[in-house]
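Below is one structure; the comments refer to it alone.
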Amino acid sequence: MRHLIAIEGQDLPAGGFIQLLNRDSGLGVNLRRGGGAEAAAAVDADRYLFILEGELSIETAAGCEPAARESLVAVPAGAVLGMSSTPASLWLEFSVSRDAPATEASLRHVSMTRADLDRFEGGAFAHQQLVGRSTGSDAVRVNTLRVAPGAGSPDFHIHDFDQFYVILEGEMQIDIGHRRISAGPMTLVHLPAGLVHRNFNAGPRPERHISLLVPEPLEEQIFDYAVEIHNREAEFFDAAAAIDTDRHQEKLRS
């Protein structure tokens, strides 16, 4: 199914990788298996490493630091990063090209963070921001979420940005229009901008996932645009009238 991609690393050899998505989708995603040391180098894209299994040793100008399971390492474009790992390590590497030059507020150094239950916000649909515009990542926002049984997102809605989920525990149900799909652990979910959807946890235990929003939405931007699905055939609309209405609304706002 095109919105779901299995994350299967059991047959991945030491030092190997599988491309799950290319950057044309809005976010490049590689699944990588550890296999020794990698020389320090920089690339022309912002990268985010999420550790699924084992541990990485991250090497920067500031020294070496271990990145444990479910840690997120943010590596801005141009930052020099070296790392070493064993075949027991498995991680996802997300990469996104910058559409605009970095600003003074942009992330300029490698950083590492990890989920902390004491910092989660919300009740049954709890979340913690790992990186985002407030931490200098203006290209991607990464959240970690814990969804209680019976809880979920708002009803049918769309976004102006792409969403990518990595399911870590439990099962997520996703309604895409009238079609329902389920995503279990070690599944990558891609919900492109403008896709009518809602998601929830219909299972008996909590569901956990990380969410990547590309691009990072602006603070004043509407996050969830409500959508109503009517039980009837859609009618053709008058394109000229719709354009005139848009112009009228724009004039009222100015």
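The label point for Ile229 and the one for Thr86, both projected 7 Å from the Cα toward the Cβ, are 4.8 nm apart.
Compute the long axis of helix 239-253 from its Cα atoms, compare it with the longest principal axis of the Cα atoms of the chain, and write down the angle in degrees, 0 to 90, nearest 10. The angle comes out at about 70 degrees. Computed over the chain, the range of Cα coordinates on each principal axis works out to 61, 45, 34 Å, biggest value leading. The packing ranking, built from the mean of other Cβ atoms within 10 Å per residue, places the peptides 202-212, 34-44, 162-172 in the order 162-172, 202-212, 34-44, highest first. Normalised by residue number, the volume inside the convex hull of the Cα atoms of the stretch 17-136 is 128 Å³ per residue. Look at the alpha carbon pairs under 8 Å that are at least 6 residues apart: their mean separation over the length of the stretch 1-92 gives a relative contact order of 32 percent. Charging the Cβ of each Asp and Glu at -1 and of each Lys and Arg at +1, and nothing else, the dipole of the chain about its Cα centre rounds to 380 debye.
Shown in residue order for the stretch 14-19 are the 3J(HN,Hα) couplings computed by the Karplus curve 6.51 cos²θ - 1.76 cosθ + 1.60 at θ = phi - 60°: 4, x, x, 8, 10, 7 Hz (x for Gly and Pro). Under 5 Å from the amide H of Asp46 lie the amide H atoms of Ala77, Val96, Arg98, each residue being 5 or more positions distant or on a separate chain, with H modelled from the backbone and absent for Pro and chain starts. Of the options Met112, Pro149, Val131, report the single residue whose Cα projects farthest towards the positive end of the charge dipole of the stretch 4-226 (beta-carbon charges: Lys, Arg +1; Asp, Glu -1). Looking along the dipole axis, the top candidate is Pro149.
Each Cα pair under 8 Å and six or more residues apart adds its separation to the average, and for the chain the resulting relative contact order is 16 percent.
FYI, it's all coordinate maths here, none of it is from the lab. All values derive from a computational prediction rather than experimental measurement. Methodologically, a virtual Cβ is constructed for each residue, glycine included, from the backbone with ideal geometry; neighbour enumeration extends over all protein chains shown.
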